Amino acid sequence: MDKEFILNLSNKANITLISTEVEHMVKELTLFNQAMSELYYVDTSNFKDEEEVTKTLDILRLRHDN
Amino acid sequence: MNIKDLRKELDSKKIGAVELAKHYLNRIDKYDKELGCYLYVDHSMVLKQAEKAQSLINNGEQKELTGIPIGIKDNIFTQGVPTTAASKMLQNFVPSYNAHVVEELEKQGYVMLGKLNMDEFAMGGTNEFSYYKITKNPYDQNKVPGGSSGGSAAAVSAELCVAALGSDTGGSITQPSAFCGITGIKPTYGTVSRYGCIPYADSLDQIGPIANSAYDCAMLLSALSTYDKRDTTMAKRDDTNFFEYIGKPIKGIKIGFIKELMYDADKAINDCVWEVIRYYESMGAIINEISMPNLKYGNVAYKAYSTAIGTINLNKYDGFKFGYVSKYKHLNTNEAIKQNRGEAFGKEVKRRLLIGTYILQNDHLKKAIEIKNLIKQDYNNAFKNYDIIINPTTTSTAFKINSKAHHTDNCTVGVNLSGLPSLSTPCGYDKNGMPIGVCIVGNYFKEAEIIGLANLFENQFIKQLPKL
């Protein structure tokens, strides 16, 4: 994560950020990504309902695109 | 004062609805400059409603909530009354219609005291992220009231209203209720219509009551939980007698307490929740420890899932479709939208929108949904063996304003991710006199059971009121 990444992201989110907010978000998103990476060690294969997960994802992405 | 007792006093004419409304307006005038619970109060509007309520009482046409002074969280639409979700984005927004819950309260002849402060767009757990002001905890004004329904919880706690409406996405009713020493219930997802409620993450959001007792919460929930086809996620329920388990013996009911959440909590909280468990055991409940190790992933999964949905929901606030318009002169529409949003959203909303935008672009959202399903499955398995699950509502008591100690969602997000009903009621105080809450979780649509259990404990618990 660097400033350029955050500026690209803020562009996609349609939000202007001031420089201190950009620096703050570099730290925040790095921390969030680290926390998120721990979830990939959790085995969800036994109960993962692939169809439901895909359906939920599709709905959210469709809403986002519109 | 509670709704149950006030109902008797209003009906017997020991007190009048106008007199009662004036009592609360006087308290708001006296204490709210310091506490900062309300964003909007209109004295003349309150008194007109109280006069109307008194006419209903005089004609014998009163209902359970007629003349009861209630505050409304500022993300719930109130016709003709500013509704800002505590954001600069909606600073001058006045809805042209009422939320379903407000329609139902109006049918009851309630008195709306005003609109209550919150974290901007319900994104936060401290009330520090309101654009307008920080609400303070009535027990210690250097400390936060919790959030996002912090204004609602602090107002009930400080007796600046008899009860209030809050909304809950990841603990926004139960957590501030615990911090402010009062009772709040997040109903089963689909029980209360969100029509007219400004959403944060609508796959998780629920509206619910915050009050001085579980009994009062039942009175409010009875009024709020009517079916509304305008919210397509609503369940058609015919089991909304929320008083069913009040006064019933609990001998033989099976209660599980979640060991991981007990160990996470501060010692004072752990001790108090143990007292609740021992009390229920003494009344005949069967108590067992249960393990839900996946709950520790709930906070991160919740953040990913809720921010993704929040990002989608807040896309419409761009200054063109809805919301604040910057005075800055722009070359094109895209730049104007970015400027409007950049100026109007606060730092926490921006943080969550950026995380949400990031999440929507990669596989993290898929993983978060899988973890959400895993936690839901864990709860479903637990409810095969237990009637009730108990845990601390928070791992710490209310912390100081600006202390950045925002790690209190761990105990609450699991029930939101699962859509289960949960109630927080006070069960003790730490060495500094700050309230401690116990969280009672029921299976889907079992609000009556958790209300009954909370009522039993409340009947013998001695509350310490805040000294204002």
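The values are calculated or read from the model by the stated rules, or taken from the named source; none is laboratory data. Every value quoted in this text rests on a predicted model; they were computed, and no experiment measured them. Counting neighbours? That spans all protein chains shown, and the Cβs are built from the backbone with ideal geometry, glycine included. What goes into the accessible areas is simple: the full protein's heavy atoms, side chains included, and nothing from ligands, DNA or RNA. Shrake-Rupley method; radii C 1.70, N 1.55, O 1.52, S 1.80 Å.
Quick one: which of B:349, B:300, B:325 is open to solvent by 10 Å² or more (accessible area, probe 1.4 Å) and within 11 Å of another protein chain (Cβ to nearest Cβ)? Walk me through it before giving the result.
Values: B:349 fails: open to solvent by 10 Å² or more (accessible area, probe 1.4 Å); B:325 fails: within 11 Å of another protein chain (Cβ to nearest Cβ).
Going through B:349, B:300, B:325 in turn, just one is open to solvent by 10 Å² or more (accessible area, probe 1.4 Å) and within 11 Å of another protein chain (Cβ to nearest Cβ): B:300.
Which count do you get for residues in the range B:30-63 that are closer than 16 Å to residue B:157 by Cα and either part of a loop (DSSP other than H, G, I, E, B) or touching a His at 6+ places or on another chain (Cβ under 9 Å) (or both)? Reasoning before the result, please.
Our first condition is that a residue be closer than 16 Å to residue B:157 by Cα; within the range B:30-63, this holds for B:30-38.
With the extra rule that they be either part of a loop (DSSP other than H, G, I, E, B) or touching a His at 6+ places or on another chain (Cβ under 9 Å) (or both), the set shrinks to B:36-37.
Residues that pass the stated criteria total 2.
Based on this model, can you work out whether residue B:260 counts as more than 22 Å from the chain's Cα centre (by Cα) and open to solvent by 50 Å² or more (accessible area, probe 1.4 Å)?
On the way: more than 22 Å from the chain's Cα centre (by Cα): yes; open to solvent by 50 Å² or more (accessible area, probe 1.4 Å): no.
No; evaluated as a whole, the condition is false for this residue.
Quick one: which of B:84, B:66 is part of a loop (DSSP other than H, G, I, E, B), hydroxyl-bearing (Ser, Thr, Tyr), open to solvent by less than 40 Å² (accessible area, probe 1.4 Å) and over 12 Å from residue B:115 (Cβ atoms)?
On the way: B:84 fails: over 12 Å from residue B:115 (Cβ atoms).
Answer to the check: B:66.
Looking at (1) at the interface with another protein chain (Cβ under 7 Å from one of its Cβ atoms); (2) of a type in the set (Ser, Thr, Tyr); (3) surrounded by fewer than 18 Cβ atoms within 10 Å (Cβ to Cβ), which is the only condition residue A:54 fails?
Unmet for residue A:54, out of (1) at the interface with another protein chain (Cβ under 7 Å from one of its Cβ atoms); (2) of a type in the set (Ser, Thr, Tyr); (3) surrounded by fewer than 18 Cβ atoms within 10 Å (Cβ to Cβ): (1).
Please specify each residue of the range B:357-376 satisfying the condition of being more than 8 Å from chain A (Cβ to nearest Cβ) and buried (at least 22 other Cβ atoms within 10 Å of the Cβ). Reasoning before the result, please.
Of the residues in the range B:357-376, the ones more than 8 Å from chain A (Cβ to nearest Cβ) are B:359, B:362-363, B:372, B:375-376.
Within the range B:357-376, B:359, B:372, B:375 qualify.
Of the conditions (1) more than 25 Å from residue B:236 (Cβ to Cβ); (2) free of Cβ contacts under 8 Å to residues at least 12 places away in the same chain, residue B:373 clears all except one; give me its number.
If we test residue B:373 against (1) more than 25 Å from residue B:236 (Cβ to Cβ); (2) free of Cβ contacts under 8 Å to residues at least 12 places away in the same chain, just (1) comes out false.
Taking strands (runs of 3 or more DSSP E) that fall entirely within the range B:367-468, which contain at least 2 residues that are closer than 30 Å to residue A:55 by Cβ and modelled with pLDDT of 95 or more? Spell out how you get there, then give the answer.
Numbers: elements: B:388-392, B:422-429, B:435-442.
Ranges flagged: B:435-442.
Only one of (1) crowded, with 24+ Cβ neighbours inside 10 Å; (2) basic (Lys, Arg); (3) out of contact with any Gly (no Cβ under 9 Å at 6 or more places or on another chain) fails for residue B:143. Which number is that?
Tallying (1) crowded, with 24+ Cβ neighbours inside 10 Å; (2) basic (Lys, Arg); (3) out of contact with any Gly (no Cβ under 9 Å at 6 or more places or on another chain), residue B:143 fails exactly one: (1).
Among the residues of the range B:98-123, what is the count of those that are assigned to a helix (DSSP H, G or I), touching a helix residue (DSSP H, G or I) at 6+ places or on another chain (Cβ under 7 Å) and either open to solvent by 10 Å² or more (accessible area, probe 1.4 Å) or among the small types (Gly, Ala, Ser) (or both)? If you could, list the steps in order and put the result at the bottom.
Pass one, the range B:98-123, residues assigned to a helix (DSSP H, G or I): B:100-108, B:120-122.
Among the residues that remain, those that are also touching a helix residue (DSSP H, G or I) at 6+ places or on another chain (Cβ under 7 Å) are: B:101, B:104-105, B:108, B:120-121.
Still in the running and either open to solvent by 10 Å² or more (accessible area, probe 1.4 Å) or among the small types (Gly, Ala, Ser) (or both): B:104, B:108.
Total satisfying the criteria: 2.
Among what's in the range B:149-176 and is within 18 Å of residue B:32 (Cα to Cα) and not hydrophobic (A, V, I, L, M, F, W, C), pick the residue that is most open to solvent (accessible area, probe 1.4 Å).
Filtering the range B:149-176 for residues that are within 18 Å of residue B:32 (Cα to Cα) and not hydrophobic (A, V, I, L, M, F, W, C), the one most open to solvent (accessible area, probe 1.4 Å) comes out as B:159.
Do any residues in the range B:441-456 that are free of Cβ contacts under 8 Å to residues at least 12 places away in the same chain have Cβ atoms under 9 Å from those of residues that are buried (at least 24 other Cβ atoms within 10 Å of the Cβ) and part of a helix (DSSP H, G or I), where the two are at least six apart or on different chains, and which pairs are they?
Listed pairs, sorted by first residue: none to list.
Could you check the range B:124-165 and list, in sequence order, the residues that are closer than 11 Å to residue B:36 by Cα and not in a loop (DSSP other than H, G, I, E, B)?
Selection gives B:137, B:150, B:151, B:152, B:154, B:155.
Mind checking which residues of the range A:1-38 are in contact with a Ser or Thr (Cβ under 8 Å, 6 or more places away or on another chain), open to solvent by less than 40 Å² (accessible area, probe 1.4 Å) and either over 19 Å from residue B:362 (Cβ atoms) or not in a helix (DSSP H, G or I) (or both)?
Across the range A:1-38, the qualifying residues are A:13, A:17, A:22.
Which of the residues belonging to the range A:39-51 are acidic (Asp, Glu) and facing another protein chain (nearest Cβ under 7 Å)?
Pass one, the range A:39-51, residues acidic (Asp, Glu): A:43, A:49-51.
Once the filter is applied, which keeps residues that are acidic (Asp, Glu) and facing another protein chain (nearest Cβ under 7 Å), the range A:39-51 yields only A:49.
Just checking, which of B:324, B:297 is over 26 Å from residue B:417 (Cα atoms) and over 21 Å from the mean Cα position of the chain (by Cα)?
Answer to the selection: B:324.
For the range B:328-339, give me each residue that is more than 7 Å from chain A (Cβ to nearest Cβ) and in contact with a helix residue (DSSP H, G or I) (Cβ under 8 Å, 6 or more places away or on another chain). Show your work before the answer.
Taking the range B:328-339 first, the residues more than 7 Å from chain A (Cβ to nearest Cβ) are B:328-336.
The answer is B:328, B:330.
Kindly establish whether residue B:379 is within 18 Å of residue B:422 (Cβ to Cβ), out of contact with any Phe, Trp or Tyr (no Cβ under 9 Å at 6 or more places or on another chain) and within 14 Å of another protein chain (Cβ to nearest Cβ).
On the way: within 18 Å of residue B:422 (Cβ to Cβ): yes; out of contact with any Phe, Trp or Tyr (no Cβ under 9 Å at 6 or more places or on another chain): yes; within 14 Å of another protein chain (Cβ to nearest Cβ): yes.
So residue B:379 fits the description; yes.
All but one of (1) surrounded by fewer than 18 Cβ atoms within 10 Å (Cβ to Cβ); (2) over 28 Å from the mean Cα position of the chain (by Cα); (3) of a type in the set (A, V, I, L, M, F, W, C) hold for residue B:337; state the number of the condition that does not hold.
All conditions are met except number (1).
Quick check on my filter: what residues within the range B:265-293 are over 12 Å from residue B:438 (Cα atoms) and buried (at least 20 other Cβ atoms within 10 Å of the Cβ)?
Result: B:280, B:285, B:292.
Just to verify a result, which residue in the range A:10-36, among those that are hydroxyl-bearing (Ser, Thr, Tyr) and touching a helix residue (DSSP H, G or I) at 6+ places or on another chain (Cβ under 9 Å), is nearest to the other protein chains (Cβ to nearest Cβ)?
In the first step, residues of the range A:10-36 are kept if they are hydroxyl-bearing (Ser, Thr, Tyr); the result is A:10, A:16, A:19-20, A:30.
Within this subset, residues satisfying the condition of being touching a helix residue (DSSP H, G or I) at 6+ places or on another chain (Cβ under 9 Å) are A:10, A:16, A:19.
Working: A:10: 6, A:16: 3, A:19: 12 Å.
Result: A:16.
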